[in-house]
């Protein structure tokens with residue numbers, strides 16, 4: 001198997017494991033997500049455990065990465081260069097959080113939910129893609 005085929009196969013496996021984890025954890029259920037975000041109402045703390053588990057797994061991954069000279073299927077790590085917390089980052093984070101709270105979806109669970117064929121999921125994914133396209137055309141090109 002060549003390097004490109006190995007990368008595609010690994011990406012498919014990782015995506016399937018990620019989607020299974022989203023489904024198993026309840027992150028694909030907008031009602032459960034909204035319940036987690038409703039801290040002054042009928043709060044559902046179960047997703048806090050999902051997030052804690054994700055942080056734990058990511059911490060182990062970062063520690064392993066720091067001991068590697070390069071990734072297994074690439075020549076170098078592609079890490080973000082920007083480290084500054086600025087207004088754009090805070091605004092984008094707030095916009096993401098508002099959208100997550102209103103829709104009960106963020107991009108990963110929304111894409112994993114597409115095969116369910118629910119109109120609300122399709123509408124979310126279409127508007128998300130439209131928002132990304134508008135951002136790329138207006139913000140990224142203006143730099």
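Every number here is computed from the coordinates shown, using simple stated rules; none is lab data. Predicted model, so just to flag it, every value in this text is computed and none were measured.
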Q: Please give the length that would be gained between residue 127 and residue 46 if that part of the chain were fully extended, namely 0.36 nm times their separation in residues minus their C-alpha to C-alpha distance (nm, one decimal).
A: 26.3 nm
Q) How far, in nm, would the chain grow between residue 67 and residue 10 when pulled straight, counting 0.36 nm per residue and subtracting the alpha carbon separation? A) 18.4 nm
Q. Taking the Cα atoms only, what angle lies between the long axis of helix 46-66 and the longest principal axis of the chain, rounded to 10 degrees?
A. 10
Q | Ellipticity estimate at 222 nm from DSSP helix runs (n ≥ 4, -39,500 (n - 2.57)) divided over the chain, nearest 500 | A | -21500 deg cm²/dmol
Q) Which of these, 80, 119, 30, has the largest mean-square fluctuation under a Gaussian network model of the chain (Cα springs below 10 Å)? A) 80
Q) Per residue and in cubic angstrom, what volume does the convex hull of the Cα atoms of the chain have? A) 169
Q | Euclidean distance of C-alpha centroids, region 103-143 and region 34-98, integer Å | A | 19
Q.
Once you keep just the Cα pairs under 8 angstrom separated by 6 or more residues, what percentage relative contact order results for the chain?
A. 27
(Q) Please state the shape class of region 1-72: rounded when a/c is under 1.5, otherwise prolate if a/b exceeds b/c and oblate if not, all from the C-alpha gyration tensor. (A) oblate
